[in-house]
1. Across region 312-367, what is the total count of residues that are hydroxyl-bearing (Ser, Thr, Tyr) and over 21 Å from the mean Cα position of the chain (by Cα)?
2. Does region 302-319 contain at least one residue that is assigned to a loop (DSSP other than H, G, I, E, B) and within 16 Å of the ligand (Cβ to nearest atom)?
3. Considering only region 248-268, how many residues are of a type in the set (Lys, Arg) and under 22 Å from Leu206 (Cα atoms)?
4. Which condition from (1) in contact with an Asp or Glu (Cβ under 7 Å, 6 or more places away or on another chain); (2) over 20 Å from Leu107 (Cα atoms); (3) open to solvent by less than 70 Å² (accessible area, probe 1.4 Å) is the one that Ala60 breaks?
5. With a cut-off of at least 3 residues that are open to solvent by less than 60 Å² (accessible area, probe 1.4 Å), more than 21 Å from Ser19 (Cβ to Cβ) and within 16 Å of the ligand (Cβ to nearest atom), name the helices (runs of 4 or more DSSP H) lying wholly within region 87-196.
6. Out of curiosity, is Lys335 among the basic types (Lys, Arg) and either buried (at least 18 other Cβ atoms within 10 Å of the Cβ) or in contact with a His (Cβ under 9 Å, 6 or more places away or on another chain) (or both)?
7. Look at region 198-212 and say how many of its residues are surrounded by 24 or more Cβ atoms within 10 Å (Cβ to Cβ) and of a type outside the set (A, V, I, L, M, F, W, C).
Amino acid sequence: MNIDGKPYRSIWLNDDGWSVSIIDQTKLPFAFEIAELRSLEDAARAIKTMQVRGAPLIGATAAYGLALGLRDDQSDNWIDDAAEILNATRPTAVNLKWALDRMKEALQNQPRESRVATAYETAKEISDEDVEVCRKIGEHGLGLIKAHAARKKGEPVQILTHCNAGWLATVDWGTALAPIYMAHDEGIPVHVWVDETRPRNQGAYLTAYELGAHGVPHTLIADNVGGHLMQHGKVDLCIVGTDRTTAGGDVANKIGTYLKALAAKDNDVPFFVALPTSTIDWKLQSGADIPIEERGGEEVKYVTGKLPDGTVARVEIAPDGTDAANFAFDVTPRKMVTGFITDRGVAPATPDGLLRLYPERMKKDAA
Ligand SMILES: CSC[C@H]1O[C@H](OP(=O)(O)O)[C@H](O)[C@@H]1O
């Protein structure tokens, strides 16, 4: 996407052909800073500290992290160790393991002297494919928004989203926000209710930043407001992202997604999940088996903001000594989901809805 008229991806290979640049998302929206990744450790730290976040972007960063790590050592043992280090950074987004497994598959049987080049080529393939996958999600989701627009007689389609599933969560375009960008660019009136998304505030910091930069009308809301809006007919549909969706259609996404799905179900508001193929965990049927990341309580007790004099500060919002729990994701069962917007099309959230878009999986699973 463009920032001040300049095109950006969330991650890119530098002109030196080996180091990698990222947008440091822990600084947004108060500062736009580029950070360089020059080692596997830099990549692991960037994922762990959420300088980069979002399932597809985490996968792409890990892929480049493995390539960076291979510059020092091309042995089989180090490939496995390096992948393990990167895979351990965050447990919920399945794209991390998906990308690392793809890198290891590309590297096996490669002679040592070609492994570094192969690693960078594969990391670039993963990144370039993510852009195309997200663009296709945008196109398939655009049809949904157009269908709602046809009934709105020129009024904006009211879309609620949670967390950030925009281009900053992917290499470009985003998943949940891709259809919104495309609808806006086609002149279809849209308005986005942006959940602030405590405690890391990805909605307030990142989704509001993205939509503002692209000129998409939006309103920031506290996380607890969505149910009220749905009760009063102010939400036409919800579109959210996912970090891991099981073959059975259960959806792990940012904490609070499940509560929005409950409110949507209770108010007959369509609830769609934007789902790249790389985020489907075919090995799991039940969402109960998805590992849920628990992060430090300090993320709940402190918030970063800009003071009236423009300085950025991190302030404590709870009494000293207060314990805080920080579950980073929750699981929305398939029965609460209306459908999945994938790069292959829109699938109803029926028991075999996803499988119909992946017939090769039916044969494989039947085998
Ligand atoms: C397109 S994946 C976006 C997904 O990732 C976010 O989690 P985090 O910011 O902790 O990486 C959130 O669950 C988004 O829906």
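The values are calculated or read from the model by the stated rules, or taken from the named source; none is laboratory data. For clarity, every value in this text was computed on a predicted model and none was experimentally measured. Heads up, the Cβs are rebuilt from the backbone with ideal geometry, glycines too, and the neighbour counts pull from every protein chain shown. Just the protein is used for accessible areas: all its heavy atoms, side chains included, with ligands, DNA and RNA removed. Shrake-Rupley method; radii C 1.70, N 1.55, O 1.52, S 1.80 Å.
1. Our first condition is that a residue be hydroxyl-bearing (Ser, Thr, Tyr); within region 312-367, this holds for 322, 332, 338, 342, 350, 358.
Restricting the remaining residues to those that are over 21 Å from the mean Cα position of the chain (by Cα) gives 322, 350, 358.
Residues meeting the conditions: 3.
2. Within region 302-319, the subset assigned to a loop (DSSP other than H, G, I, E, B) is 307-311, 317-319.
Next, from what is left, pick out any that are within 16 Å of the ligand (Cβ to nearest atom): none.
Scanning region 302-319, I find no residue that is assigned to a loop (DSSP other than H, G, I, E, B) and within 16 Å of the ligand (Cβ to nearest atom), so the answer is no.
3. Count: 2.
4. The single condition Ala60 does not satisfy is (2).
5. Filter on region 87-196 gives 112-149, 178-185.
6. Judged against the criteria, Lys335 is not a match.
7. So the answer is 5.
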